[in-house]
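Computed from the coordinates by the stated procedures, all read-outs in this text should not be read as laboratory data. Not measured: the values here are computed from a predicted model. Quick reminder, even Gly has a Cβ in these numbers, built from the backbone with ideal geometry, and neighbours come from all protein chains shown.
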Amino acid sequence: GQQVMQIPQYQHVQEGEDFTTYCNSSTTLSNIQWYKQRPGGHPVFLIQLVKSGEVKKQKRLTFQFGEAKKNSSLHITATQTTDVGTYFCAGSPWGGGYQKVTFGIGTKLQVIP
Amino acid sequence: DAGVIQSPRHEVTEMGQEVTLRCKPISGHDYLFWYRQTMMRGLELLIYFNNNVPIDDSGMPEDRFSAKMPNASFSTLKIQPSEPRDSAVYFCASRITWGYNEQFFGPGTRLTVL
C-alpha cells in the first residue's frame, strides 16, 4: 500500500534558525496536506497542495509540492517558540480520491529560546 | 461551532474489558474518520464513513475493533476485549465533501489499558 515517509523525525533548533521537514511518497499523489499538532493537542490543518511544482506561503511557512507529485517540503523561516509541535504531511493517492489520506510519521520540532 | 466532540477524554481500563469511544462530528460534515496515534506507528487511519456508511475499514487492526455510525451526528469505536497494546490516543475527524479537503480533528481520547 501507499507509504508516506517523513524526515527528520526530530529537530531541535535555536530560536531564529530555519527549519525544514521533508515528505516522500512511494506513489504519485493527487494532493498533499500539512497539519500541525501542538504538544498534548490534536492535528490542525495548515494547507493543501494540489498542482505539480506548487509553492504556497503562509507568513514564515513555505510549502512545496514536487514536480512529480511524490514529495513535498515545509520550510519555516526564523523559527519562534510558537512553532513548537509536530508537523505531519498527509497524502492522497493518485486516482484514489481525496477521501483517504496517509499520514507521515511526523517531524517533532523543538525550538530553544 | 463546537468542533468535533469526543468522549471520554481519558479512559483507563483493565485488560479484557470493553471500551467504547464516542464522537460527534461537525454538523453538516459527511465524512467521519477514526485514527489511532502511537509513538511507534504515528497516525493510523482505522476506518472512515461517508454519509454514515463505512467505506474503508482496512485499517481496523483486528476483529476486536468495531465502529458504527447510526446517524449523521454520532459514531462509536468499540474495542472488545481490550488489550494493553491498544493503549493510544484515538482521534475522530470529520470533513465536508466540497471545497478544501481539510479534516477537522477532535481533541482525542487517551486510552490506557492496564
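One table, with the values for the structure above:
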quantity: Low-density loop cleavage sites - GluC sites (Glu not before Pro) in segment A:1-58, where at most 15 other Cβ are within 10 Å (DSSP); calculated: A:15, A:17
quantity: Exposed GluC sites (Glu not before Pro) absent - longest run of chain B, DSSP non-H/G/I/E/B, at most 13 other C-beta within 10 Å; calculated: B:63-114
quantity: Kirkwood Rh (inverse of mean 1/r, distinct Cα pairs), segment B:1-98, angstrom; calculated: 13.7 Å
quantity: Within segment B:27-48, backbone nitrogen closer than 18 Å to the virtual label 7 Å beyond the Cα of residue B:102 toward Cβ; calculated: B:27-33
quantity: Packing-based exposure ordering (other Cβ within 10 Å, fewest first) of B:39, B:69; calculated: B:39, B:69
quantity: Under 20 Å from residue A:36, Cα to Cα: lysines that are on another chain or at least 8 residues apart; calculated: A:56, A:57, A:59, A:100, A:108
quantity: Neighbour-count ranking [beta-carbon atoms within 10 angstrom, fewest first] of A:22, A:10, B:35; calculated: A:10, A:22, B:35
quantity: Sorted by Cβ density within 10 Å, fewest first, the residues B:34, A:94, B:98; calculated: B:98, A:94, B:34
quantity: Per-bin percent of Cα-Cα distances, the protein assembly as shown [10 Å]; calculated: 8, 33, 35, 20, 5, 0
